[in-house]
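**Q** A single structure is presented below for examination.
The values are calculated or read from the model by the stated rules, or taken from the named source; none is laboratory data. Being a predicted model, the structure only gives us computed values, none of them experimental. Virtual Cβ from ideal backbone geometry, glycine too; neighbours counted across all protein chains shown.
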Amino acid sequence: MDHSHAPVLEALADYHEEGRLSFTPPGHKQGRGADPRVRAVLGDDLFRADVLATAGLDDRRSTGKVLQQAEELMADAVHADRTYFSTCGSSLSVKAAMLAVAGPGESLLIGRDVHKSVASGLILSGVRPVWVDPEWDPELHFAHPPSARAFAKALAGHPEAAGALITSPTPYGGCADLAGAVQVCHERGLPLIVDEAWGAHLPFHPRLPAWAMDVGADLCVTSVHKMGAGLEQSSVYHLQGELVDPAKLKARADLLGTTSPSVLVYAALDGWRRQMVEHGRELYDHALRMAATTRQRIDLIPGLRLYGRSEFCALHRAADFDPLQLVIDLAALGTDGYQAADWLLAHHRMDLHLADHRRISAQLSHADDRATLGALVAGLRDLVDHIGELRPTAVIDVPDPAELRLEQVLAPREAFFAATEAVPVARAVGRIAAEILTPYPPGVPAALPGERLDHAVVDYLRSGVAAGMVVPDAADGSLETLRVMAA
């Protein structure tokens with residue numbers, strides 16, 4: 001296929017060249033009706049590009065097949081049979097993927113380290129989860145994706161499962177043994193969904209971890225806004241093989257998605273695909289070199305422990321590691337990631353990717369250069385030099401793996417829509433959760449509706465919030481109270 005073309009961008013250029021006159025939404029009419037104060041911040045070009053996808057970018061019958069052409073080019077670029085664009089983020093795309101494989105009351109094997117969007121999908125769909133435990137590092141208090149062996153064991157105990165879902169890479173960069181998981185599922189004729197939200201860049205360089213489509217996964221979801229050059233909310237799902245019905249996938253996506261998709265998001269996705277096909281190899285050659293150099297410089301800063309492949313892949317806990325995620329352990333400095341992230345923002349105007357009870361992380365991409373990475377290293381050095389300004393590490397009660405795995409008493413949907421009550425946190429132990437409780441980022445739920453709360457998880461969340469953890473989906477963000485099923 002001719003990847004020099006970008007059908008969405010070309011159609012948008014034609015729209016303006018033809019001087020089309022719109023009597024349709026959006027009501028700002030190419031910015032003419034927008035408040036000048038808004039235009040001064042957002043820019044006139046943003047409003048000019050904000051047109052309808054149908055009866056705008058394409059005609060009312062979509063006879064130009066603009067979006068279809070763009071999706072076909074994306075599929076070809078990443079070696080998929082079919083590709084679908086989404087302007088509602090991978091939080092929606094992963095729900096559509098789940099619903100294409102399992103329906104209400106059916107079982108789906110799911111790694112327990114999933115993003116909260118998967119938990120939301122369980123509530124909406126009525127799919128019953130069969131949880132598969134992640135690989136836990138007890139020294140670093142760190143979870144990696146479940147092993148293929150763990151999926152095989154879960155399937156042996158639940159032969160009724162309609163398929164499986166795994167998250168890889170994790171937000172920290174740990175990668176699953178996707179080839180092994182594919183083999184386990186395909187031996188039973190079942191599809192594997194990969195939530196690859198953090199892996200949009202993987203198809204475009206051989207020294208990056210394996211790409212889901214290349215190892216035989218059936219359906220994967222990527223967030224191009226995370227590691228690519230898409231706008232926020234840009235997501236793509238890719239499909240191959242015969243185990244997932246494309247008509248069913250499209251129908252499920254239509255059920256959840258917006259009828260007013262953003263052409264801005266489509267255009268950025270289309271342009272990113274062209275950029276990656278034409279220049280991805282050289283861009284990631286450069287990004288990987290810069291990441292390696294930056295790692296060497298951070299390794300020389302006293303008190304910082306920069307994780308690499310050895311930490312992630314020790315004892316085969318993870319199958320691979322994305323070197324563009326710089327995960328830094330602060331334990332030797334006697335502080336936590338929450339304080340460190342806040343200090344770097346306050347003193348260096350620097351926003352970090354993740355912060356947890358002992359780590360911070362910086363996400364690199366092909367957009368970083370000597371200036372941005374030099375600023376990162378300088379900020380980390382300054383943090384170490386001023387570590388005495390930070391309070392000692394707050395005591396956060398991190399449970400061991402057995403305590404983190406709560407008893408699933410009811411399906412998430414049943415508990416979420418049941419009668420609920422808010423109880424003081426001290427009285428929540430032993431009660432069945434009726435809300436999602438997610439330390440964010442990275443967004444992996446500590447407790448889900450239908451799970452019985454125990455002392456370990458409640459103490460972890462309460463001590464975490466006191467130290468600076470954010471739990472944004474709790475009805476009471478302070479966690480003074482928790483929502484549980486009514487007695």
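**Q** Working only within region 225-251, note down all residues that are part of a helix (DSSP H, G or I) and either within 10 Å of Ser93 (Cβ to Cβ) or in contact with a helix residue (DSSP H, G or I) (Cβ under 6 Å, 6 or more places away or on another chain) (or both).
**A** Correct list: Lys248, Leu249.
**Q** Could you grab me the full set of residues in region 126-147 that are of a type in the set (Val, Ile, Thr) and part of a strand (DSSP E or B)?
**A** Within region 126-147, Val130, Val132 meet the criteria.
**Q** Here's something else I'd like to know. Could you pull out the residue among Gly89, Gly105 that is touching a residue at least 40 places away in the same chain (Cβ under 8 Å) and at positive phi? Even if it seems obvious, please write down each step before you answer.
**A** Details: Gly105 fails: touching a residue at least 40 places away in the same chain (Cβ under 8 Å).
Only one candidate passes the filter, namely Gly89.
**Q** Only one residue in Ala367, Ala331 is touching a residue at least 24 places away in the same chain (Cβ under 8 Å) and either within 19 Å of Trp136 (Cβ to Cβ) or touching a helix residue (DSSP H, G or I) at 6+ places or on another chain (Cβ under 6 Å) (or both). Which one?
**A** Just a single option satisfies the conditions, and that option is Ala331.
**Q** Follow-up question, since we're still on this one. Looking at region 193-212, can you tell me whether even one residue there is more than 17 Å from the chain's Cα centre (by Cα) and buried (at least 24 other Cβ atoms within 10 Å of the Cβ)?
**A** No: zero hits.
**Q** Restricting the first residue to region 475-487 and requiring it to be over 12 Å from Leu437 (Cα atoms), which pairs with a second residue that is hydroxyl-bearing (Ser, Thr, Tyr) meet a Cβ separation below 9 Å and a spacing of at least six or different chains?
**A** As it stands, the answer is Met485/Thr420; Ala486/Thr420, since those pairs meet every condition given.
**Q** Name every residue in region 179-200 that is out of contact with any helix residue (DSSP H, G or I) (no Cβ under 9 Å at 6 or more places or on another chain) and among the charged types (D, E, K, R), in order of residue number.
**A** Hits for region 179-200: nothing passes.
**Q** Quick one: which residue in Ala318, Ala287 is buried (at least 16 other Cβ atoms within 10 Å of the Cβ), in a helix (DSSP H, G or I), of a type outside the set (Ser, Thr, Tyr) and assigned by TED's automatic domain parsing to the domain that holds Ala371?
**A** Testing whether each residue is buried (at least 16 other Cβ atoms within 10 Å of the Cβ), in a helix (DSSP H, G or I), of a type outside the set (Ser, Thr, Tyr) and assigned by TED's automatic domain parsing to the domain that holds Ala371 leaves just Ala287.
Each row is one residue, and each column tells you yes or no for (1) within 26 Å of Arg289 (Cα to Cα); (2) outside the structural domain of Pro439 (by TED's automatic domain parsing); (3) outside any loop (DSSP other than H, G, I, E, B).
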residue: Pro171; (1), (2), (3): yes, yes, no
residue: Ala179; (1), (2), (3): no, yes, yes
residue: Val182; (1), (2), (3): no, yes, yes
residue: Arg188; (1), (2), (3): no, yes, no
residue: Ala197; (1), (2), (3): yes, yes, no
residue: Ala200; (1), (2), (3): yes, yes, no
residue: Pro209; (1), (2), (3): yes, yes, no
residue: Met213; (1), (2), (3): yes, yes, yes
residue: Ala217; (1), (2), (3): no, yes, no
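**Q** Return the total of residues in region 21-65 being over 24 Å from Pro7 (Cα atoms) and either part of a loop (DSSP other than H, G, I, E, B) or of a type in the set (A, V, I, L, M, F, W, C) (or both). Don't jump to the end; show me each part of the working.
**A** Let us first name the residues in region 21-65 that are over 24 Å from Pro7 (Cα atoms), namely 27-28, 32-42.
Checking which are either part of a loop (DSSP other than H, G, I, E, B) or of a type in the set (A, V, I, L, M, F, W, C) (or both) leaves us with 27-28, 32-35, 38, 40-42.
Residues that pass the stated criteria total 10.
**Q** Give the number of residues within region 102-125 that are within 16 Å of Pro449 (Cα to Cα) and either touching a His at 6+ places or on another chain (Cβ under 7 Å) or not in a loop (DSSP other than H, G, I, E, B) (or both).
**A** Residues in region 102-125 being within 16 Å of Pro449 (Cα to Cα) and either touching a His at 6+ places or on another chain (Cβ under 7 Å) or not in a loop (DSSP other than H, G, I, E, B) (or both): 11 in total.
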